[in-house]
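Q: To start, I am sharing the structure in question, which I have written as structure tokens.
The values are calculated or read from the model by the stated rules, or taken from the named source; none is laboratory data. All of these numbers come straight from a predicted model, not from anything done at the bench. So basically every Cβ, Gly included, is an ideal-geometry build from the backbone, and we count neighbours across all protein chains shown. To get the accessible areas, we keep the full protein, side chains included, count just its heavy atoms, and leave off ligands, DNA and RNA. Shrake-Rupley method; radii C 1.70, N 1.55, O 1.52, S 1.80 Å.
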Amino acid sequence: MFEKVSVIGLGYIGLPTAAVIASRGIEVVGVDVSENAVNTINQGKVHIVEPDLDMVVQAAVTLGKLRATLTPEAAQAFLIAVPTPFKEGKKPDLSYIHSSAKAIAPVLEKGNLVILESTSPVGATEQLASWLEELRPDLTFPQTAGEDADIQIAHCPERVLPGRVLEELVSNDRIIGGMTAKCSAKATELYKTFVRGECITTNSRTAEMAKLTENSFRDVNIAFANELSIICDKLKVNVWELIALANRHPRVNILSPGPGVGGHCIAVDPWFIVDSAPEEARMIRSAREINDGKPEYVLEQVKQAADQFKHPVIACLGLAFKADIDDLRESPALDITQKLSCSNVGKILAVEPNIKTLPQKLTDADVELVNLQQALEQANVLVILVDHKPFKALSSNDINTKVVVDTRGVFSRF
Ligand code: SAJ
């Protein structure tokens with residue numbers, strides 16, 4: 001029975017997870033290094049945008065089941081959900097996991113469970129276990145004590161889709177990668193308190209690789225679609241019609257081309273596999289390169305479109321990394337808009353219905369945030385970068401006097 005759980009890292013994964021566990025009546029203490037995040041959560045509010053998260057956090061805080069602190073305190077389970085970005089040379093940066101180990105080590109007690117949820121390269125859970133063992137030589141850990149260890153450790157990767165986090169946290173199956181069978185059993189017990197999906201046990205290395213594989217699978221498939229879109233431009237074939245036709249085959253399911261792959265998961269995680277097996281991971285590396293090269297291709301298309309006008313006014317529709325969210329992190333749309341503004345091709349307007357102010361780097365580059373109507377009145381070139389709902393509602397009358405670069409196939413649905 002878990003009565004008190006600590007979640008380390010209160011971001012896009014940690015905060016929803018903390019709130020959902022708290023909603024099951026378990027006392028949850030969230031820990032974050034950001035004073036702003038801690039204060040906001042303790043007021044029952046949220047510092048990130050995710051549908052319905054504000055309601056769940058407010059309810060948990062009001063009922064006294066969830067609170068946030070800057071320093072960890074004793075608990076029965078510690079769930080680490082901190083970022084694992086890459087550093088120079090696209091090498092995984094485990095420094096946030098290391099800091100979490102240092103933060104929880106002083107309060108660890110015999111019988112505790114430590115779970116790593118952060119997407120991690122293969123071997124990171126074992127690394128976490130060694131850091132904890134060095135910091136707490138008075139306790140025993142699974143890598144040396146096996147089933148008899150004082151502390152149980154497991155990797156249980158998060159796999160929720162931004163925009164549907166609360167629903168998927170509960171309904172998705174979970175991979176539970178314990179360092180021993182006992183670790184897996186204890187971690188399963190915790191996840192069973194809030195997960196309706198199945199909890200499937202394995203070892204920590206397989207669980208790490210499974211998460212990286214899921215995101216690489218998607219990256220490779222998006223790269224296939226992006227490569228097709230470039231081939232089709234060359235061969236004067238409408239890629240959207242082509243994909244719709246090919247997908248009529250019962251065993252073909254091609255994803256959608258776009259301006260590139262954004263977000264902080266799919267554009268990052270495959271590099272962890274490449275870093276671990278640089279000689280072998282040829283297709284995974286190639287997919288990353290194809291997807292990373294797509295913004296540059298779109299940029300050239302826009303420049304050619306702008307060349308048709310003496311005074312080009314280019315409206316970039318969408319800045320977020322995907323449809324109907326406000327998240328601009330690692331967004332190819334943002335990257336393209338910024339590069340356009342630096343390349344003197346014309347006046348650049350940006351339409352992003354999900355934000356109120358532009359990021360500094362765009363205002364510095366004289367990009368103007370306008371609404372969709374203003375963009376339609378002023379621009380002669382429209383660049384569809386994100387398939388947000390209001391853009392999908394545009395009619396051919398709205399755009400028939402413009403030159404359109406449609407990276408999402410909004411006007412070519414088949
Ligand atoms: N994209 C395309 N074409 C497509 C699908 C997506 O260009 O057909 C682009 C999107 O526009 C976006 C990027 O790919 O820029 C990623 O979007 P996404 O919706 O595919 O994925 P994320 O990054 O929001 O979330 C992914 C999910 N992983 C998988 O679907 C395998 C999610 O389940 C993971 O939990 C999440 O990564 C994560 O945190 O790792």
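Q: Checking Leu161 against (1) in a loop (DSSP other than H, G, I, E, B); (2) open to solvent by 20 Å² or more (accessible area, probe 1.4 Å); (3) in contact (Cβ under 8 Å) with a residue 60 or more places away in the chain: exactly one of these is not met. Which one?
A: (3)
Q: Could you check region 321-340 and list, in sequence order, the residues that are under 23 Å from Gln304 (Cβ atoms) and open to solvent by 20 Å² or more (accessible area, probe 1.4 Å)?
A: Asp335, Gln338, Lys339, listed by residue number.
Q: While we're here: Would you confirm, using the coordinates I've provided, whether Ser229 is among the small types (Gly, Ala, Ser), away from the ligand (no atom under 16 Å from the Cβ) and not assigned by TED's automatic domain parsing to the domain that holds Ile151?
A: In short, no.
Q: Continuing with this model, one more query. Which numbered condition in (1) near the ligand (Cβ under 7 Å from one of its atoms); (2) without any contact (Cβ under 8 Å) to a residue 60 or more places away in the chain is the only one that Asn247 fails?
A: Going through the list (1) near the ligand (Cβ under 7 Å from one of its atoms); (2) without any contact (Cβ under 8 Å) to a residue 60 or more places away in the chain, Asn247 breaks only (1).
Q: On to the next question. So, in region 287-318, exactly how many residues are in a loop (DSSP other than H, G, I, E, B) and either within 12 Å of the ligand (Cβ to nearest atom) or on the phi > 0 side of the Ramachandran plot (or both)?
A: Residues flagged as in a loop (DSSP other than H, G, I, E, B) and either within 12 Å of the ligand (Cβ to nearest atom) or on the phi > 0 side of the Ramachandran plot (or both) within region 287-318 amount to 1.
Q: Looking at Glu126, Glu109, Glu133, can you tell me which residue is assigned to a helix (DSSP H, G or I), at pLDDT 95 or above and open to solvent by 60 Å² or more (accessible area, probe 1.4 Å)?
A: Residue meeting the stated conditions: Glu126.
To keep it simple, each residue is scored yes or no on (1) closer than 22 Å to Val57 by Cβ; (2) assigned by TED's automatic domain parsing to the domain that holds Lys110; (3) within 14 Å of the ligand (Cβ to nearest atom).
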residue	(1), (2), (3)
Pro142	no, yes, no
Gly146	no, yes, no
Asp150	no, yes, no
Ile153	no, yes, no
Pro157	no, yes, yes
Gly163	yes, yes, yes
Glu167	yes, yes, yes
Ile175	no, yes, yes
Thr180	no, yes, no
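Q: In region 38-58, which residues are under 19 Å from Ala320 (Cα atoms) and of a type outside the set (D, E, K, R)?
A: His47, Ile48, Val49, Pro51
Q: Are there any pairs, at least 6 apart or on different chains, whose C-beta atoms fall under 7 Å, with the first in region 256-280 and on the phi < 0 side of the Ramachandran plot and the second near the ligand (Cβ under 8 Å from one of its atoms) and small (Gly, Ala, Ser), and if so, which?
A: From region 256-280, the pairs are Ser256/Ala225; Pro257/Ala225; Val261/Ala267; Gly262/Ser331.
Q: Quick one: Arg205 ticks every box in (1) closer than 30 Å to Gln76 by Cα; (2) within 14 Å of the ligand (Cβ to nearest atom) bar one, so which box is it?
A: In the conditions (1) closer than 30 Å to Gln76 by Cα; (2) within 14 Å of the ligand (Cβ to nearest atom), Arg205 misses (2) alone.
Q: Among the listed residues Glu27, Glu117, Glu109, Glu35, which satisfies the condition of being within 16 Å of the ligand (Cβ to nearest atom) and either assigned by TED's automatic domain parsing to the domain that holds Leu328 or among the acidic types (Asp, Glu) (or both)?
A: Glu117
For (1) under 30 Å from Lys87 (Cβ atoms); (2) within 12 Å of the ligand (Cβ to nearest atom), each residue gets a yes or a no:
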position	(1), (2)
Leu242	no, no
Val252	no, no
Gly258	yes, yes
Cys265	yes, yes
Ile273	yes, no
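Q: With the condition being touching a Leu at 6+ places or on another chain (Cβ under 7 Å) and within 16 Å of the ligand (Cβ to nearest atom), I'd like the helices (runs of 4 or more DSSP H) fully within region 325-396 carrying at least 2 qualifying residues.
A: The helices (runs of 4 or more DSSP H) meeting that bar are 332-342.
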